[in-house]
Amino acid sequence: MGVLFCCRISSGKTKVHRNPDESDNEDEDVQAERTRVKEALSCQTCEEKPVVVVSSLRKEYSTRHDGFILNTKKKKVATRNISLCVRKGEVLGLLGPNGAGKTTTMYMLAGETEPTAGQVLMGDYCTEFRQVDSTLEYIGYCPQVNPLWPKITLQEHLEIYASIKGLGQNEVAGIIKRVVNALELKEHLKKKAKNLSAGIKRKLCFALSMLGNPQIVLLDEPSTGMDPKAKQRMWRAIRAAFKNRQRGAILTTHYMEEAEAVCDRVAIMVSGQLRCIGSIQHLKGKYGRGYSLEVKLREEMTGLREVALLHKEILRIFPHAVRQESFATLMVYKIPMEDVKSLSESFSQLEKAKDSFHFEEYSFSQSTLEQVFMEFAKEQENDEEEIGSLSTTFQWQRLQQDEPVSTPHSDSIVHQL
Ligand SMILES: Nc1ncnc2c1ncn2[C@@H]1O[C@H](COP(=O)(O)OP(=O)(O)OP(=O)(O)O)[C@@H](O)[C@H]1O
């Protein structure tokens with residue numbers, strides 16, 4: 001990983017800068033998590049100490065904006081005021097649209113970049129700042145960019161990482177064999193990294209992060225490029241590695257089925273802020289806002305009149321149903337909670353409609369995690385639109401007022417492995 005790991009990662013090494021962001025109008029679960037973080041920070045001897053504590057984490061990057069005539073230096077706030085815990089035995093999923101701040105959070109957790117404010121505690125942490133030499137004992141990190149040497153074989157990677165992590169010579173062969181079997185890597189052992197497919201490279205990175213059973217594992221989009229079977233093997237390995245153990249993991253992903261398969265709780269980030277946190281079932285119930293109905297029509301029933309009649313019938317069953325996107329043979333509706341007094345009654349009405357309107361099939365289900373996610377993702381799109389229009393105005397005003405400034409650009413490069 002190339003960094004000295006500290007049991008406490010904070011801005012300014014020993015000094016923790018206060019986060020300027022207020023946490024007003026926050027979701028109640030996000031607030032409750034903040035309270036849990038405060039308790040964890042003040043209670044160092046607690047039995048059930050979380051394995052990771054992230055407290056009021058903020059990261060600002062300096063960026064340069066190349067304007068039409070002048071360049072301006074600006075601050076990009078990548079994460080605002082993130083507080084969360086990872087409990088023992090827990091895999092916490094960090095979801096969010098592109099640019100929400102997930103990787104920046106991972107960088108701060110891995111010690112790759114310094115927080116501007118706030119702190120991270122993990123491993124055998126204590127209130128006093130102290131450094132520990134053996135980073136790798138505590139933490140396994142699978143970054144988004146593969147940290148592989150192109151001319152070194154898959155087997156050599158495993159051996160080198162095992163030795164860096166301090167695994168005993170006599171146990172290395174056995175450990176590598178188990179990892180290789182679990183992830184089906186045997187036929188690739190002698191291949192150089194540059195000759196591995198994208199999916200196998202990710203498998204290898206995942207394997208490297210898990211070697212030596214570190215107490216905390218950070219997985220940044222681990223399954224990118226893997227085929228469905230490989231993903232499922234990896235998910236099984238993750239479940240087995242953390243469930244009911246004294247260890248924890250944070251995983252970022254864009255795949256909702258991955259979050260459903262491995263995460264005990266998920267947190268959704270939007271524009272650098274935590275918008276919600278909880279179990280997937282809890283989030284679906286709280287934000288899913290109802291049900292989704294999909295009706296697949298037979299080809300001969302797609303005439304305007306038939307569709308209009310069916311639409312009328314759907315509205316009779318669910319008066320507040322809202323038609324979403326519709327394709328030639330598929331009608332999709334969002335049904336609010338209040339229209340579904342009883343599930344059995346709803347299904348019996350739908351069955352009758354199916355008979356009368358001869359639709360091919362239908363599905364009626366609670367909102368999916370994907371739908372919950374999409375609702376939050378829209379918030380970021382709105383933020384970006386607002387900032388876009390503001391910055392254009394700002395640049396125009398600056399054009400009239402200011403002299404050009406030239407600025408260095410030293411801290412705007414993400415440190416990649
Ligand atoms: N070194 C940097 N300098 C300036 N801005 C940065 C830097 N790194 C990230 N950012 C900005 O910070 C914000 C958060 O980026 P980050 O990579 O953490 O998002 P993300 O949620 O991981 O996105 P993705 O899903 O695409 O990986 C983005 O607006 C990004 O452009």
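The values are calculated or read from the model by the stated rules, or taken from the named source; none is laboratory data. If you're wondering where the values come from, they're calculated on a predicted model, not measured in any experiment. A quick note on method: Cβ atoms are made from the backbone with ideal geometry, for glycine too, and the neighbour counts reach across all protein chains shown. Ligands, DNA and RNA are excluded from the accessible area calculation, which covers all protein heavy atoms including side chains. Shrake-Rupley method; radii C 1.70, N 1.55, O 1.52, S 1.80 Å.
The Cα center of region 263-335 and the Cα center of region 198-223 differ in position by 35 Å. Normalised by 2.2 N^0.38 Å, where N counts its residues, the alpha-carbon radius of gyration of region 330-371 equals 1.24. Annotation: extensible slack from Thr35 through Asp227 equals 65.1 nm (criterion: 0.36 nm per residue apart, minus Cα-Cα distance).
Shape class for region 149-194: oblate, because the ratio a/c of the largest to smallest gyration tensor axis (alpha-carbon atoms, square roots of eigenvalues) is 1.5 or more and b/c is at least a/b. Here the label points at Arg236 and Leu315, each 7 Å from Cα along the C-beta direction, are separated by 5.0 nm in the simple model. Annotation: amide H of Arg265 within the under-5 Å range of Val91, Gly93, sequence separation 5 or more or interchain, hydrogens built in the peptide plane.
Entry for region 290-366 at q = 0.12 Å⁻¹: log10 I(q)/I(0) = -0.28, Debye formula applied to identical alpha-carbon scatterers, no solvent contribution.
With the simple spin-label model, which puts each label point 7 Å out from Cα in the Cβ direction, the Lys341 to Lys286 separation comes to 3.0 nm. Surface analysis of region 290-366 yields an accessible area of 60 Å² per residue, using protein heavy atoms and a 1.4 Å probe. For Cys276, the residues whose amide H sits under 5 Å from its own are Ile268, ignoring neighbours fewer than 5 places away on the same chain, with H placed 1.01 Å from N. Where in region 293-320 does the label zone of Leu330 land, with the point 7 angstrom along Cα→C-beta and an amide N cut-off under 11 Å? Under cut-off, by backbone N: 294-297. Return the FRET efficiency for the residue pair Tyr61, Gln155: r is the Cβ-Cβ distance, R0 is 35 Å, and the value is rounded to the nearest 0.05. The pair Tyr61/Gln155 has a calculated efficiency of 0.35.
Measuring nothing but protein heavy atoms, the accessible surface of region 290-366 at 1.4 Å probe radius is 54 percent carbon and sulfur. Backbone phi angles across region 151-160, fed through the Karplus curve with coefficients 6.51, -1.76 and 1.60 (θ = phi - 60°), yield HN-Hα couplings of 9, 9, 6, 4, 4, 5, 4, 4, 5, 5 Hz in residue order; Gly and Pro are listed as x.
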